[in-house]
Amino acid sequence: MGLGRLTDAVFEAVIFDLDGTLIDSTPAVLRSWETWTTEYGLPPIDLLRHHGRPSASVVRAVLPEDQQESAMQRISEIELANLHDIVVLPGAVEALASLTGAKSAIATSCTVPLAEARIAASHLEPPSVLVTADDVVHGKPHPEPFLLAARRLGVKAADTIAFGDMPNDIPMFAWVSHGVAMANAHEQLKAVADETTSSNEEDGIAVVLERLLG
């Protein structure tokens, strides 16, 4: 099922980032990493620099190899225990509902358990295709998660529209036909996006898709 067109481009599928695009997990992320760094006696992590990357890559960046395996397990445990205030972002439910019968996917840096837990906590009805850090060799910012999502949808990467919010989505935007940055996105992503949504409060993601499908 072809989705439609914006300007002169025709889109066959939509691929979403998860955190910051469809759901808001920021408080949970901050709490989790604060707890983890305190337990390991580390200074606060610059989460802006690491945000949106697989937790394993963050652990590898700050701890010696002999501590990494147990530390990865521990941050997983902490994050899975921090779910109570994760919420779906305005417009996300409507956006996914508008894609019923069309090809859509989520490509996230979360592991399978964490992605499924956060989706469930937010009460989001996800698309059928979910690509996580567990499915790829190279997690974000490498484009492999996005490219795998496109393959699983049976479409070319260049025939997709993608939504994201952080600099780690920049490589994904380089492959797509139309990259959409969220209103709350990092300025680096906005600089390379084809367009930026209106605010979450204005159902920005749903507005773009309504125009696309209209």
Exercise. Which whole-percent values make up P(r) of segment 96-137 when all C-alpha to C-alpha distances are grouped in 5 Å steps starting at zero?
Worked result: 5, 23, 29, 23, 14, 4, 0
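Given contacts defined as C-alpha pairs under 8 Å and at least six residues apart, what's the relative contact order of segment 26-80, whole-number percent? All intermediate terms of the calculation are to be shown ahead of the outcome.
Values: 24 pairs, mean separation 25.2, N = 55.
With pairs under 8 Å counted, the relative contact order is 46 percent.
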Problem set entry | Cα long-axis angle, helix 112-122 against the chain (0 to 90 degrees, to the nearest 10) | 70 degrees
Exercise. Which of ALA97, ALA105, ALA183 moves most in a GNM of the chain, Cα contacts under 10 Å?
Worked result: ALA97
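So what's the back-of-envelope 222 nm ellipticity for the chain, counting only DSSP H runs of four-plus at -39500 (n - 2.57) apiece and dividing by all residues, rounded to 500?
Working: 10 runs with 91 residues, N = 214.
Result for the chain, helices only: -12000 deg cm²/dmol.
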For this session: Rounded to the nearest 10 degrees, what's the angle between the helix 65-80 long axis and the longest principal axis of the chain, both from Cα atoms, 0 to 90?
Result: 60 degrees
For this session: Taking the chain as the reference, fit the longest principal axis to its C-alpha atoms, fit the long axis of helix 204-213 to the helix C-alpha atoms, and give the angle between the two in degrees, 0 to 90, nearest 10.
Result: 30 degrees
Problem set entry | Gap separating the Cα centres of segment 76-149 and segment 192-207, nearest whole Å | 19 Å
Problem set entry | Label-point separation in nm, THR26 to HIS138, each point 7 Å along Cα→Cβ | 3.0 nm
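So if R0 is 41 Å, what FRET efficiency would GLU125 and THR35 give, r being the distance between their Cβ atoms, rounded to the nearest 0.05? List each step's numbers first, then the result.
Details: r = 30 Å, r/R0 = 0.73.
The value I calculate is 0.85.
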Exercise. What is the calculated FRET efficiency for GLU195 to GLN67, with r their C-beta to C-beta distance and R₀ = 41 Å, to the nearest 0.05?
Worked result: 0.45
Exercise. In nanometres, what is the gap between the two model label sites at LEU42 and ARG74, each 7 Å from Cα along Cα-to-Cβ?
Worked result: 1.0 nm
Seminar exercise, completed: Compactness check, the chain: C-alpha Rg relative to the 2.2 N^0.38 Å globular estimate gives 0.99
Problem set entry | Spatially proximal lysines relative to LYS103 (Cα-Cα < 19 Å; intrachain offsets below 8 disregarded) | LYS156
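Output needed for segment 64-139: three equivalent-ellipsoid semi-axes, defined as square roots of 5 times the C-alpha gyration tensor eigenvalues, in descending order, whole Å. Don't jump to the answer; show the numbers that get you there.
Numbers: eigenvalues 154, 51, 11 Å².
Square roots of five times the eigenvalues give 28, 16, 8 Å.
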Problem set entry | Rg over Rh, two decimals, segment 115-214 (C-alpha only, Kirkwood Rh) | 0.95
For this session: Starting from one equal scatterer on each C-alpha and no solvent at all, send me the Debye-based log10 I(q)/I(0) for segment 162-214 at q = 0.18, 0.20 Å⁻¹, two decimals.
Result: -0.50, -0.61
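Under 4 °C and 1.567 mPa s, how fast does segment 26-80 diffuse according to Stokes-Einstein, given a Kirkwood radius computed over C-alpha pairs? Answer in µm²/s, whole number.
Details: Rh = 11.2 Å.
This corresponds to a translational diffusion coefficient of 116 µm²/s.
Here, each number is a calculation from the coordinates, and none is a lab measurement. The shown structure was predicted, so the numbers you read here are calculated from the model rather than taken from an experiment. Heads up, the Cβs are rebuilt from the backbone with ideal geometry, glycines too, and the neighbour counts pull from every protein chain shown.
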